[in-house]
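Input: a single structure, listed below in structure tokens.
What follows draws every value from the coordinates through simple rules; no lab data is involved. Predicted model, so just to flag it, every value in this text is computed and none were measured. Don't worry about glycine lacking a Cβ; one is built from the backbone with ideal geometry, like all the others, and counts go over all protein chains shown.
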Amino acid sequence: MKHSLPLHEVAAARAGDKGNVSSISVWPYDPRHYEDIKACLTADRVKKAFPNLFTGPVERYEMDELKGLNFVMRDALEGGVNSSLNLDAHGKSFSFLMLSIPVEVQLYNDDGSARD
Amino acid sequence: MQKDSTLRIGCGAGQAYDRIAPAKDLAQSGKLDFLVFECLAERTLAHGHAERMSNPSKGYNSMLEKRLMAVMKPAYDNKTRIVTNMGSANPRAAGEAAADVARKLGLQGLRIGVVEGDDVTALVSDNTELPEVKKTVREFGRPMIGANAYLGADAIVPALEQGADIVITGRVADPSLFVAAIAHRYGWKLDDWQRLANGTMVGHLLECTTQVTGGYFADPGFKDVPDLVNLGYPIAEVKESGEAVITKLDGTGGLVSPLTVKEQLIYEVHDPRAYLTPDVTADFSRVKVQEDARDRIKVSNAGGRERPPKLKALVAFDGGLRAEAEISYSGPNAQERASLALEVVRERMRQHNCQDAIRFDLIGVNSIHGTGVKRVTDTQDVRLRAAMRTFDRDMADALLSEVDGMHMGGPAGGGGYRSSIVPSVLTQPTYFDREKVPTRVTMVTA
């Protein structure tokens with residue numbers, strides 16, 4: 001059975017910016033969660049979570065070997081660091097917006113068995 | 001060319017105002033072949049251009065003298081060569097300033113290679129395309145301040161070949177500062193895409209100093225970082241193939257772990273299979289990240305393809321003034337009082353016929369994520385913030401006085417007014433053919 005919980009409980013994230021483009025990488029702490037997160041944390045889901053912020057296209061890049069996802073949001077920084085009036089013009093804190101999105105993942109017991 | 005030993009390269013700054021002490025530690029105890037200082041962000045250069053316009057001997061990194069004063073002697077004594085983009089908008093003047101520092105330290109004869117050619121202001125015309133906004137420079141409609149191309153390792157290597165102890169550049173791609181040093185040491189060909197990709201991986205991991213050694217990482221209870229107060233700067237031990245161990249000095253704070261490395265590997269990267277620099281198109285998606293020992297992470301297997309045909313440049317424009325003003329409300333009914341103040345300021349600015357967009361935030365309730373989510377909170381500590389960008393100094397002043405006016409003419413109990421008006425800069429990328437951007441090295445001897 002999959003459990004719904006904030007991404008923050010099972011993954012880390014880091015945000016960066018280039019011009020008016022924000023990018024956020026997502027890294028599950030436990031590699032066993034990678035496929036579940038990949039299945040539910042789609043580009044569409046991220047865009048729908050913050051429609052007023054991520055007004056442009058959202059792309060997702062999958063890194064199956066590294067077990068991480070990279071999201072790229074265009075037109076997400078109100079013009080970019082040089083023109084945004086947001087206190088956080090770089091969108092540095094967007095990583096924690098991402099981590100607030102609920103995801104559905106299989107949890108595991110200490111002996112490795114799947115938790116109900 | 002030395003093929004059997006390992007090259008040691010460190011990063012002594014990842015931004016214009018980065019701490020100096022950890023860089024001094026690296027210069028003294030890092031046993032480094034190269035120490036790189038990366039001090040330019042997207043907008044830093046535009047400020048440098050403005051500074052240079054008012055004083056032709058300025059426009060380089062304002063901490064250059066202080067930084068070099070701290071590291072130059074130990075670096076020289078330990079045969080550590082320095083590579084830095086602290087030249088900013090005026091590499092030549094930075095070279096002269098570095099020579100002055102060397103003389104003060106008694107290092108007569110020290111050689112400084114100044115790399116120029118990144119200033120492409122003369123190449124920008126009214127018809128230059130700005131693809132991100134799909135406009136020409138004329139259509140963009142703002143006064144241009146200057147334009148700089150991101151140079152690659154090929155601009156820096158000649159300075160190292162000519163024996164420079166210190167190389168000073170203006171705008172270069174951040175990883176290229178490292179790639180040049182590694183390529184020079186191992187005699188890499190600048191079309192050896194595989195090695196250049198590994199070198200770019202190393203440079204990218206190091207270029208933000210503490211962001212790979214435990215900075216920008218701690219999340220208490222989830223990701224804990226030892227001694228965040230005294231973070232060390234990173235070192236890479238690089239082999240001839242370009243694979244490397246990322247580490248830091250013993251006794252410094254922070255950590256180097258598979259996760260600090262992975263987070264930084266993809267930081268500011270868009271497509272992990274196509275990270276574009278002037279040197280190479282790098283694929284970071286299959287990089288192998290292995291823990292060798294505590295605080296020693298081995299990285300290898302970046303993929304490389306041919307470099308992009310054109311050079312990216314950033315064109316800087318005058319963005320007018322950014323005006324900001326804040327006032328706080330605390331205690332019972334604070335949110336309602338702050339919201340009332342917001343409405344009064346908004347309406348007063350309407351009466352001033354303000355045409356510029358004003359952003360309002362209720363800090364403590366909904367500010368930096370305000371565009372993204374609405375949060376419900378019972379906080380009693382709220383700070384009203386109003387911000388605008390304008391070319392009209394009077395309108396900027398009006399915003400400040402209206403927020404200041406909330407002391408005597410707004411809701412009860414407002415206090416703690418602060419404000420600022422600062423010149424702002426807008427930057428836009430554009431692209432130039434490489435042959436239009438020739439580079440040159442000038443040697444300055446202390």
- prompt: When only Cα pairs under 8 Å and 6 or more residues apart are kept, what is the percent relative contact order across the stretch B:177-293?
  reply: 24
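Work out the FRET efficiency for B:THR379 and B:ALA293 from their Cβ-Cβ distance, taking R0 = 56 Å, and round it to the nearest 0.05.
Details: r = 46 Å, r/R0 = 0.82.
That gives a FRET efficiency of 0.75.
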C-alpha long axis of helix B:334-351 to longest principal axis of chain B, angle in °: 90
statement: Counting all Cα-Cα pairs in the protein assembly as shown, those more than 42 Å apart amount in percent to 24
query: Under a straight-distance cross-link criterion of Cα-Cα below 21 Å, which lysines are reachable from B:LYS58, leaving out those fewer than 8 residues away in the same chain?
result: B:LYS66, B:LYS104
field: Rounded Å value of the spacing that divides the Cα centres of the stretch A:42-107 and the stretch B:1-67
entry: 31
query: What nm distance separates the two modelled labels at A:GLU9 and B:ASP392, each placed 7 Å from Cα along Cα→Cβ?
result: 5.2
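Would you mind working out the magnitude of the charge dipole of the protein assembly as shown relative to its Cα centre, with +1 at each Lys and Arg C-beta and -1 at each Asp and Glu C-beta, to the nearest 20 Debye?
Numbers: 68 positive and 75 negative charges, 161 e Å.
Here the protein assembly as shown has a charge dipole of around 780 debye.
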task: Mind computing the radius of gyration and Dmax over the alpha-carbon atoms of chain B? Å is fine for both.
output: 24.3, 75
In sequence order, calculated HN-Hα J values of the stretch B:39-49 (Karplus, 6.51, -1.76, 1.60; Hz; x Gly/Pro): 10, 10, 9, 4, 9, 4, 5, 4, 4, x, 4
task: Work through the residues other than B:ARG67 whose Cβ is under 13 Å from its Cβ and net out their charges, Lys, Arg +1 and Asp, Glu -1.
output: +1
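So, by mean Cβ neighbours within 10 angstrom, what's the order for A:54-64, A:94-104, B:237-247 with the highest one leading? It would help to have the intermediate numbers written out before the result.
Numbers: A:54-64: 17.3, A:94-104: 19.6, B:237-247: 21.9.
Descending packing order for the listed peptides: B:237-247, A:94-104, A:54-64.
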- prompt: Tell me, what ³J(HN,Hα) does each residue in the stretch B:244-260 have, in order and in whole Hz, if you take phi through Karplus 6.51 cos²θ - 1.76 cosθ + 1.60 with θ = phi - 60° and put x for Gly and Pro?
  reply: 8, 10, 8, 8, 8, 5, 4, x, 8, x, x, 7, 10, 9, x, 6, 4
field: Out-of-range pairs (alpha-carbon distance over 29 Å; input A:LYS38/B:LYS298; B:LYS262/B:LYS312; A:LYS92/B:LYS79)
entry: A:LYS92/B:LYS79
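Using a 10 Å cut-off on Cβ atoms, rank the peptides B:418-430, B:119-131, B:218-230, B:188-200 from the highest mean neighbour count down. Don't jump to the answer; show the numbers that get you there.
On the way: B:418-430: 18.2, B:119-131: 14.6, B:218-230: 12.8, B:188-200: 22.2.
Ranking, from highest mean packing down: B:188-200, B:418-430, B:119-131, B:218-230.
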Net charge of Cβ neighbours under 10 Å - reference A:TYR34; Lys, Arg +1; Asp, Glu -1: -2
- line: Expected unfolding gain across B:ARG440-B:ALA122 under the 0.36 nm per residue rule, minus the alpha-carbon gap, is 112.8 nm
- request: Treating cross-link reach as a plain straight distance, find the aspartates and glutamates whose alpha-carbon is under 15 Å from the alpha-carbon of B:LYS134, omitting any fewer than eight places away in the same chain.
  value: A:ASP75, B:ASP126
- prompt: Using alpha-carbon positions, what is the distance between the centroids of the stretch B:347-365 and the stretch B:407-446, in Å?
  reply: 23
task: Rounded to the nearest Å, what's the spacing between the alpha carbon centres of the stretch B:185-226 and the stretch B:117-175? Just the number, please.
output: 24
field: Rounded, prolate or oblate (a/c below 1.5 giving rounded, otherwise prolate when a/b exceeds b/c) for the stretch B:281-385 by Cα gyration tensor
entry: oblate
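Please compute the average number of Cβ atoms from other chains found within 10 Å of each residue's Cβ in peptide A:10-23.
Working: counts 1, 1, 8, 2, 12, 3, 10, 3, 6, 7, 3, 3, 1, 7.
Partner-chain Cβ atoms within 10 Å, mean over residues of A:10-23: 5.
Roughly how crowded by other chains is peptide A:25-31, in terms of the mean Cβ count from those chains within 10 Å of each of its Cβ atoms? List each step's numbers first, then the result.
On the way: counts 9, 2, 5, 0, 3, 0, 0.
Going residue by residue through A:25-31 and averaging, the value is 3.
Kindly rank B:24-30, B:341-347 from highest to lowest mean number of other beta carbons found within 10 Å of each residue. Please list the in-between numbers first.
On the way: B:24-30: 21.4, B:341-347: 17.1.
Taking the mean over residues of other Cβ atoms within 10 Å, the ranking is B:24-30, B:341-347.
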statement: 1/(1 + (r/R0)^6) with r = Cβ-Cβ of B:ARG418 and A:ASP64, R0 = 56 Å, i.e. FRET efficiency to nearest 0.05, evaluates to 0.70
- prompt: With each pseudo-label sitting 7 Å past Cα toward Cβ, what's the A:GLN106-B:ASN78 distance in nm, one decimal?
  reply: 5.0
- prompt: So between B:SER401 and B:LYS189, what do we pick up on full extension, going 0.36 nm a residue minus the alpha carbon distance?
  reply: 70.2 nm
task: Pop the C-beta distance of A:SER113 and B:ALA218 into the FRET formula with R0 = 35 Å and round what comes out to the nearest 0.05.
output: 0.65
- request: Just tell me which aspartates and glutamates come within less than 17 Å, Cα to Cα, of B:LYS189; anything on the same chain fewer than 8 places away is out.
  value: B:ASP154, B:GLU161, B:GLU240, B:GLU243, B:ASP279, B:GLU306
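Could you work out the mean count of beta carbons from other protein chains within 10 Å of each residue's beta carbon in B:424-430?
3
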task: Could you list which residues have their amide H under 5 Å from that of B:GLY146, counting only those 5 or more apart in sequence or on another chain, with H placed in the peptide plane?
output: B:ALA316
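Sequence gap at least 6, Cα distance under 8 Å: using those rules, report the relative contact order of chain B to the nearest whole percent. Intermediate results must be reported in sequence, preceding the final value.
Values: 1047 pairs, mean separation 78.6, N = 446.
Over chain B, the number comes to 18 percent.
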query: Using 7 Å Cα-to-Cβ label points, what is the B:ARG142/A:ASP30 separation (nm, one decimal)?
result: 4.8
